[in-house]
Each structure stands twice: as C-alpha cells, then as structure tokens.
Amino acid sequence: MAVIITDLCINCDACLQNCPVHAIVDDSKNPVTNTRYYVQPEKCVECVDIFDDPQCAAICPSIGCITWDMPYTKEYDAHYLNDALYKLCDKDNILKSPAIKEKKYRTDIPLSMRGVGKEVQVEP
C-alpha cells in the first residue's frame, strides 16, 4: 500500500472517484470496520507510472488525511500481516501477502517518511 487514510477522513468520496487502480473502498466496505475510507494495500501502486503524485492525496480536501505507509513488498510482509490496520484476506479467506505479490511504490520517498503517518500532501 503505500498510503493510509487516517481518521481525518470526512468520507467525501473524492479519493474513491480519483483512484486509477480502484484501491480505495468506502466506509461501508472498510474491512477493518472503521468509519472512514480504506486503501487496499494489495492494490495501491502510489500512482507510479500513472501520475506524478498519488491522486487520492491530490484531490483530498482534508490536509493530513492521506499519509505514507511502508512499501507493499516482501521486506515489509510482517508490517502488513501483523497489524490490525490491515485485513489481507479475500472473500474466500485466502491471504494476500506482500511476499506473494509486491506492488510498485515511489522510491523517491525515503523510509523515514513512511510508516509513521507522514502527510503525502501539504497545505497550499
């Protein structure tokens, strides 16, 4: 995944409509039952090779709502499999692990800016 939608989410639908890979689900489909939108880590590619910036952050009206997460790669498998923030099973309860299928991520974002709730977008 590479981005997380925080509790600052106002469920405005902007990110849901702008995600080019349909990685975002609304609060009614949030697998961890939070009342905010959710980025499916196994689908998010940080808009790499699609746009210059993640489109969810570019359109989001709530500054600080979209934050960086760790790359969805085998090196961070434990991060995704051991945190309650993620539910990485499909409808048949089959595990979707980063070790099985890694996703693209922005290599220009240092690890010090990931996994700690660092904002993707900044206030203009």
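Just so it is clear, none of the values below were taken in a lab; they were calculated from the coordinates. The structure displayed is predicted, hence computed values, not measured ones. A quick note on method: Cβ atoms are made from the backbone with ideal geometry, for glycine too, and the neighbour counts reach across all protein chains shown.
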Quiz item: Which one of Ala23, Gly117, Thr107 is farthest out on the positive end of the charge dipole of the chain, using unit charges on Cβ (Lys, Arg +1; Asp, Glu -1) and the Cα centre as origin?
Solution: Ala23
Quiz item: With charges only on Cβ, +1 for K and R and -1 for D and E, what is the dipole size of the chain about its Cα centre, in debye, rounded to 20?
Solution: 300
Exercise. Considering the options Tyr76, Ile59, Asn11, tell which one lies farthest towards the positive end of the dipole of the chain, charges being +1 on Lys and Arg and -1 on Asp and Glu at the Cβ, about the Cα centre.
Key: Tyr76
Quiz item: What value, in deg cm²/dmol to 500, does the helix sum -39500 (n - 2.57) over DSSP H runs of n ≥ 4 give at 222 nm once divided by the residues of the chain?
Solution: -2500 deg cm²/dmol
Exercise. List nothing, just return the count: lysine pairs in the chain, 8 or more apart or interchain, with Cα separation under 21 Å.
Key: 26
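Give the shape of the chain as rounded, prolate or oblate, defined through the alpha-carbon gyration tensor: a ≥ b ≥ c are the square roots of its eigenvalues, a/c under 1.5 means rounded, and otherwise the shape is prolate if a/b is larger than b/c and oblate if not. Spell out each step's value before the answer.
Details: a/c = 1.55, a/b = 1.17, b/c = 1.33.
Since a/c reaches 1.5 but b/c is at least a/b, the shape of the chain is classed as oblate.
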Quiz item: Counting pairs of alpha carbon atoms under 8 Å apart in space and at least six apart in sequence, what relative contact order in percent does the chain give?
Solution: 31
